[in-house]
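Asks: Got a structure for you, questions after.
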Amino acid sequence: MSWRRFSRIARGAYLAAGLMVSGLAASLGAEVPVQDVLLRGKVVTLAAALDAKKLGIRVDAEPTASNVVLLGEEGTITPLLADEASRALFLDKRLQNRPAELRGKRFGGVPYFQVVTFKVEQDGKQQAPEYYCNFCTISVRFPQVCPCCQGPMELRMKPGRSGQWPVASGQ
């Protein structure tokens, strides 16, 4: 048997085994555990977080510049999922490198954290950022042109609401 044919058969066997295992887990009703948590730390790029931990890891600057993580108060690095709720943290550098409080979801077996809402420190207080159009009086969650008048929107901070989510310890 040629190596090419053996490789093709082996890949097929691995694929079939993977499908059987995932099908078995689904048939057993295996659910991914989801936990609502509150994390505190600083939102930074992955490269900045690795530098802060002084691990001596050299990374490519360009790919890691777009990876945003939470560097926890205890030093834990938690990567953030990029979605509408966290988009401002990825796009607006003014929200990075300052104390932050992120509320969101942890999914079992997934290292990424899904942000639901967040606050950053401004003038000694945790405040929620919003982007506001003074002309249309519209506010949105991430930097963009005004969806109404297509004019500029300004970053402003508003006092954040307190909630009752458990504070996560460690990773």
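Asks: Within segment 74-84, can one find any residue that is touching a Cys at 6+ places or on another chain (Cβ under 9 Å) and among the aliphatic types (A, V, I, L, M)?
Replies: no
Listed here are the residues, each with its yes/no results for (1) of a type in the set (Phe, Trp, Tyr); (2) buried (at least 17 other Cβ atoms within 10 Å of the Cβ).
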site: Gly104; (1), (2): no, yes
site: Phe118; (1), (2): yes, yes
site: Ser139; (1), (2): no, no
site: Gln144; (1), (2): no, no
site: Cys148; (1), (2): no, no
site: Gly151; (1), (2): no, no
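Asks: Quick one: how many residues across segment 131-142 are modelled with pLDDT of 95 or more and within 27 Å of Pro79 (Cβ to Cβ)?
Replies: 1
The values are calculated or read from the model by the stated rules, or taken from the named source; none is laboratory data. Note that the structure is a prediction, hence the values are computed from the model and not measured. Here Cβ is always computed from backbone atoms with ideal geometry, including for glycine, and neighbour counts include all displayed protein chains.
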